[in-house]
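Enquirer: Attaching a single structure in C-alpha cells format; questions to follow.
The values are calculated or read from the model by the stated rules, or taken from the named source; none is laboratory data. Bear in mind the structure is a predicted one, so any value in this text is a computation, not a measurement. Cβ: placed from backbone, ideal geometry, glycine included. Neighbour counts: every protein chain shown. Surface areas here come from the heavy atoms of the whole protein model, side chains and all, with no ligands, DNA or RNA. Shrake-Rupley method; radii C 1.70, N 1.55, O 1.52, S 1.80 Å.
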Amino acid sequence: MPATTQSPTPDAVQSLAPLMNPASVAIIGASTNFAKPGGRPIEALKEYGYQGRIYPVNPKYDYIGELKCYPSILEVPEPVDTAIISVPAASVLDVVSQCGQRGVKSVIIFSSGFAEVGGEGRKLQDRLKHLARQNGIRVCGPNCYGIVNVKSGAMCTFSDNVFKRFPDHGNYFGFVSQSGGFGWLLFDMAQKEGVGFSFFVSSGNEADVDLADYMAYMLEDQDTKVIGSYVEQIRHPDKMAQVARRALELKKPILMFKVGTSTVGAQAAASHTGAMAGSDQVYDAFFKQTGIVRVKTVPEMATFARLVKAGRFPRGKRVGIMSGSGGGAVVLADRCEEMGLVLPQLDPATQARMEEILPDFASCRNPADITGAFLAAPEVLYQSALAFLSDPNIDMGVLLFAISGHTGAQAAEMVAQVYRQVDKPLLVIALAPGEGEMSVRSMEILRQAGIPVALDFEAVKAMATLAEFAERARILISEPTLVSSPVGAPRAADRGEEAKEILRSLGARSGLRPELTEHQAKKLLSAYGIPVTKEEVATSPEEAVAIARRLGYPVVLKVESPDILHKTEAGGVKLGLAGDEEVRKAYAEILDSVCRYNPGAQVDGILVQEMLPKATEVIVGITQDATFGPVVVFGLGGILVEVMKDVSMRVAPLTRRDAEEMIREIKGYPILTGVRGRPAADLEALTQVLLRVSQLATDLSGIVKELDINPLMVFPKGRGVKAADALMVLTGQSGSALALAEAGSVPKVR
C-alpha cells in the first residue's frame, strides 16, 4: 500500500487521550431524567465508579442529584477533558464554540441532523469540522452513541447496554462501531460470548476522529490485545493501512465485521474489469494486503478474540484434533480441512507414546480418538494430550470432550495442566456443558487457565483465521510496503513522465478523447515495458496491404475508433488474413460493418496487426474504486471471466507477493500451470505485467479511469507475453489531456 498522507502521528494519537480516557467530563444538555440521552451518562458514570470530575451543564437546574449543575460550559470552574453534547443540532455549533473558549479538549456529540440527513445537514457538519479544528477540539460523532472506557469507568454514552452487568472477562478487546444501535447489540452479544472489553466507541458520522484514529489509539493501550470493528466504510484507506501495519508489528489483530456488497460504477463501466470489480471484493483485497481479519459472525469474532488474548500464535496451519468421540473427531477434521487447515501425520515417537498410554481400541493418529478411557483414569487424558500437543508436526490443537459431571471437571483440570506445559494455541470445544454446578466448575477451570472454550464445532473457523493471520503477519512484516521497479524496467518516475508525454503528444496531434483507441492505449503500455503486438494504422486498403507485407502474413485487421470500444460486437475485427486480397476485402467489410453499427463513429483508420500464435489468454486491467482508488484486476480470458467472474484483485500499488497471489487465487490457475498436456505458461512474465500495470495505475492515478488488456497472450514458460488488445478510458469530460493541461500546458483538445 502507498505511504499515507493521513498517518495518525504519535501527537495525533496523544490528542485522543482526553477523549478516550478523560480526567473530567461535562454533560451539556444534562437532564434529571436518567432515561434521556442527557441524563443517562450521569447515571452510567456514577454506576461504574468513574473517579474523574463530572460537570452537568444545563441552565434549568442548580443540582442534578448531588452534582452541582452549571448554566453553561463557560461557568465550569475547572479544566474539562471531554464534553458530552446532547442538544438539538441547531445549537451544537454555538456549544462547540463555547467549548473552544473554555479550552475543552474534546467533545462527544450525541445530536443527529448532520451529514446523515444530507443537504443542509452536511453543510452544518462541514462548519462543525472547521470550527473544531480552529479550536483544537477532537470530535467523536456527531450522531453517535458515545465512548466507553471500561477500565476507568468513563461511560460517556446514552446506551442502556452499559447497565447490563457481565462477568469480568478482563479488558483486552477494543471495539469501534460505525453503527450506533447495532454496534451496541454486538457489544452485548460479545459480552455474553465471554469477551472482555477495554473500549467501545460509536464513531457516528466521523466528522473528525475516524475509525483508523480510534484503532491507532487502542493499539498503544497496554491492556488491549485485539481490536474489533463494525464497518460500513473506510474513509481514509492510506491511514488505515498504516494502522494495520502497526497492528502487525504489535501482534494485535484488527478484526472487521464489514457490511455492504454493492458494486462500484458497474452500470457505467466500459471495461470488463470495471464491471466485475465489486466494492466488497476490493475490501477483501485490501484486507489481504494489510493483514486485517474479516469476520462474519459474532461467535467467530469472540472466539478469535479469546484466542488472541491467550497470546499464542501458531507457527503454521497444521492442526491436531483429539476427541473422546470418534464421530466428533471426523466432523472436526472435515471442517478444519474445508477451512484450509492441514491435519498432519503424527511423529512416530508421538504415536508410539500414545499407544503405550491408551487402550488398543483407541485411535492414536490425527485426529485422535481417545474414547472414554479417561473417564475412569483422568491421568490418561493428561498423558495422552501432553504427548499429542507436544508433537513437532502440530502447530495448534483442538480438544473435544464433555465437561458435564464430576469427570468433566477432572478432565478440565487435566487439560489445564497440559496447557501450562505447551506453548501452542489450544481450543477446547465443550460438549453437553449443561447448567449444573460441575459444568460451571469445568468451564471456570478452563477459563482460569486462559484456555479459549467454545460450544460449537464452527469455532474452528477462528483457529483457521488465527493461523491465516499469523502467516500473513509474518509475510507482510518481512516485506516493504511499496513495490520495487520490475526487473529491467525504467525507473518509476521515468515511466510516468514518458506516459504523460505520450498523452501530450497524442493531444497535440489529433486531440485526445477519454476513450483511447487500441493503438493509443498500447503506446502507454509500451512505455511501461509491457509487450504489445507489432502493428500500424492504415487509412486506405493499399496502405493496409503494404503494412501487412512488412509485418508478414498472417495478420489481423481491427477498426481504430475511440467510439467503438468493443470491436468484435461491431464487426470490427478480422483474423488470420493470409494475403493481399484478403486484406483488401477485410478492410472494406470492416468499414461497412462499423458504419452500420455506429454511423456517427469517429474512425481513425484500420489497425493492421501481427497474428499471434495460440497461447493462454488472460485479462489484466485497472478499475477505480470510490474508496481505494486504482485497483488491479486479473483473470483468465473467455467464459471464466465473462460468466463466472473468476477474477482476483488488489489495490495499487502491488508488491511482488500481491501479484503472485493474484495469479494463484483464480479458480483457473491450474490452466496456467499446465494441464492435459498443455505447457505451463510463463508466470514470471505474467507477474511482471501485473507489477507494471500496477505502476501505471499508481503513476496515472486520477488520469486513467479504466484499462483492459484483453486478451493478454501468455506463452509457454520462457517465451513471454504479449498484449493482443487493449482498451483504456481516461478520466474527466475531456480525458487526462485536460488533467495534464491543468498541471502543465497541453494543447487544447476537442
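Enquirer: Being open to solvent by less than 40 Å² (accessible area, probe 1.4 Å), in contact with a Gly (Cβ under 7 Å, 6 or more places away or on another chain) and among the charged types (D, E, K, R), is that true of even one residue in the range 546-559?
Expert: yes
Enquirer: Among 556, 545, which is the only one that is under 19 Å from residue 710 (Cβ atoms) and more than 42 Å from the chain's Cα centre (by Cα)?
Expert: 556
Enquirer: Here's a check for you: in the range 589-610, which residue that is in a helix (DSSP H, G or I) and touching a helix residue (DSSP H, G or I) at 6+ places or on another chain (Cβ under 7 Å) is most open to solvent (accessible area, probe 1.4 Å)?
Expert: Of everything passing the filter in the range 589-610, 597 is most open to solvent (accessible area, probe 1.4 Å).
Enquirer: Another question, if that's okay. Look at the range 386-403 and say how many of its residues are of a type in the set (A, V, I, L, M) and at pLDDT 95 or above.
Expert: 6
Enquirer: Of the numbered conditions (1) open to solvent by 40 Å² or more (accessible area, probe 1.4 Å); (2) touching a helix residue (DSSP H, G or I) at 6+ places or on another chain (Cβ under 8 Å), residue 539 satisfies every one except a single condition; which is it?
Expert: The one condition residue 539 does not meet is (2).
Enquirer: Residues in the range 666-690 that are of a type outside the set (S, T, N, Q), part of a helix (DSSP H, G or I), in contact with a helix residue (DSSP H, G or I) (Cβ under 9 Å, 6 or more places away or on another chain) and open to solvent by 10 Å² or more (accessible area, probe 1.4 Å): how many?
Expert: Result for the range 666-690: 3.
Enquirer: Testing residue 162 on (1) of a type outside the set (D, E, K, R); (2) more than 27 Å from the chain's Cα centre (by Cα); (3) at pLDDT 95 or above, one condition comes back false. Which one is that?
Expert: Result: residue 162 fails condition (3) only.
Enquirer: Quick check on the range 267-283. Is at least one of its residues closer than 29 Å to residue 193 by Cα and either open to solvent by less than 10 Å² (accessible area, probe 1.4 Å) or modelled with pLDDT of 90 or more (or both)?
Expert: Yes - at least one qualifying residue is present in the range 267-283.
Enquirer: Looking only at the range 217-238, how many residues end up being open to solvent by less than 10 Å² (accessible area, probe 1.4 Å) and assigned to a helix (DSSP H, G or I)?
Expert: Result for the range 217-238: 2.
Enquirer: Six or more apart or on different chains, Cβ under 7 Å: which pairs go from a residue in the range 650-661 that's under 16 Å from residue 292 (Cα atoms) to one that's among the hydrophobic types (A, V, I, L, M, F, W, C) and not in a strand (DSSP E or B)? Could you list them?
Expert: 650/285; 650/662; 651/1; 651/282; 651/285; 651/286; 651/628
Enquirer: Has the range 366-374 got at least one residue that is closer than 19 Å to residue 332 by Cβ, open to solvent by less than 10 Å² (accessible area, probe 1.4 Å) and either modelled with pLDDT under 90 or out of contact with any Gly (no Cβ under 7 Å at 6 or more places or on another chain) (or both)?
Expert: yes
Enquirer: Do the conditions hold for residue 561, that is, is it more than 27 Å from residue 715 (Cα to Cα) and at pLDDT 95 or above?
Expert: no
Enquirer: Another one. So, in the range 527-551, exactly how many residues are assigned to a helix (DSSP H, G or I) and either modelled with pLDDT of 95 or more or touching a His at 6+ places or on another chain (Cβ under 7 Å) (or both)?
Expert: 11
Enquirer: Continuing with this model, one more query. Considering every residue within the range 505-528, establish whether at least one is open to solvent by 30 Å² or more (accessible area, probe 1.4 Å), over 30 Å from residue 684 (Cβ atoms) and free of Cβ contacts under 8 Å to residues at least 24 places away in the same chain.
Expert: yes
Enquirer: Sticking with this structure for a sec: How about the range 322-390: which helices (runs of 4 or more DSSP H) wholly inside it have at least 3 residues that are under 16 Å from residue 418 (Cα atoms)?
Expert: Those helices (runs of 4 or more DSSP H) span 348-357, 378-389.
Enquirer: Tell me, which residue of the range 277-307 that is in contact with a Leu (Cβ under 7 Å, 6 or more places away or on another chain) and assigned to a helix (DSSP H, G or I) is farthest from residue 189 (Cα to Cα)?
Expert: 307
Enquirer: Within the range 182-215, which residues are surrounded by fewer than 24 Cβ atoms within 10 Å (Cβ to Cβ) and over 21 Å from residue 140 (Cβ atoms)?
Expert: Hits for the range 182-215 are 189, 191, 192, 193, 194, 196.
Enquirer: I've got another one for you. Can you spot a residue in the range 562-573 that is without any contact (Cβ under 8 Å) to a residue 12 or more places away in the chain and part of a helix (DSSP H, G or I)?
Expert: yes
Yes/no matrix, rows are residues, columns are (1) under 25 Å from residue 521 (Cα atoms); (2) at pLDDT 95 or above:
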{"position": "659", "(1), (2)": "yes, yes"}
{"position": "677", "(1), (2)": "no, no"}
{"position": "686", "(1), (2)": "yes, yes"}
{"position": "691", "(1), (2)": "yes, yes"}
{"position": "724", "(1), (2)": "yes, yes"}
{"position": "734", "(1), (2)": "yes, no"}
{"position": "739", "(1), (2)": "yes, no"}
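Enquirer: Is it fair to say residue 173 is modelled with pLDDT of 85 or more, more than 18 Å from residue 108 (Cβ to Cβ), of a type outside the set (Lys, Arg) and crowded, with 24+ Cβ neighbours inside 10 Å?
Expert: yes
Enquirer: Of all residues in the range 310-333, which are surrounded by fewer than 19 Cβ atoms within 10 Å (Cβ to Cβ), over 23 Å from residue 449 (Cβ atoms), at pLDDT below 95 and of a type outside the set (Val, Ile, Thr)?
Expert: 326, 327
Enquirer: Given the options 619, 703, 709, 663, name the one that is in contact with a His (Cβ under 7 Å, 6 or more places away or on another chain) and among the aliphatic types (A, V, I, L, M).
Expert: Matching residue, one of 619, 703, 709, 663: 619.
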